[in-house]
Amino acid sequence: MTGGLAWIYDEDGSFIAQNRYHKGFLQPESFGELDHTARQSIRELVELHATKTASTRARWLLANWESESAKFVRMTPCTQA
């Protein structure tokens, strides 16, 4: 979690489809809904993770970014009215 945001790699779509989050507190945003800055942010986090940990999964995600990036969901706290 960073700055109240959480990124979820929803590989099979079940996280959103099965409502695996608390709707009263979190709001999902699909990768396609996000602006360029937000999209770049998750890529940079995956790149940093790959560099710091030598994660084969992170390197795989980066190598397949064109198809896999769309599976990321950004969770943001709901604003209280």
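The values are calculated or read from the model by the stated rules, or taken from the named source; none is laboratory data. None of these values were measured; they are calculated from a predicted model. When we count neighbours, we look across all protein chains shown, and the Cβ atoms used for this are built from the backbone with ideal geometry, even at glycine. Note: areas computed on protein heavy atoms with side chains; ligands, DNA, RNA excluded. Shrake-Rupley method; radii C 1.70, N 1.55, O 1.52, S 1.80 Å.
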Percent accessible area from carbon and sulfur atoms, segment 36-78, protein chains only, probe 1.4 Å: 54 percent
Relative contact order (%) - the chain, alpha-carbon pairs under 8 angstrom, separation at least six: 54 percent
Charge dipole of the chain about the Cα centre (unit charges at C-beta), most positive-ward option of THR53, PRO77, ALA63: THR53
Ellipticity estimate at 222 nm from DSSP helix runs (n ≥ 4, -39,500 (n - 2.57)) divided over the chain, nearest 500: -11500 deg cm²/dmol
Heavy-atom accessible area per residue - the chain, 1.4 Å, Å²: 67 Å²
Correct choice for semi-axes √(5λ) of the Cα gyration tensor in Å that was computed from the model, options (i) 23, 14, 12; (ii) 25, 11, 10; (iii) 36, 22, 15: (i)
Potential lengthening between THR79 and ARG57 on full extension [0.36 nm per residue; Cα-Cα distance subtracted]: 4.6 nm
Gain in span if fully extended, TYR9 to SER41, counting 0.36 nm per residue against the direct Cα distance: 10.1 nm
Area accessible to solvent at VAL73, 1.4 Å probe radius, in Å²: 10 Å²
Rounded tilt (10° steps) of 36-53 against the dominant C-alpha axis of the chain: 50 degrees
Electrostatic dipole magnitude of the chain [Cβ: Lys, Arg +1; Asp, Glu -1; Cα centre; debye, to 20]: 240 debye
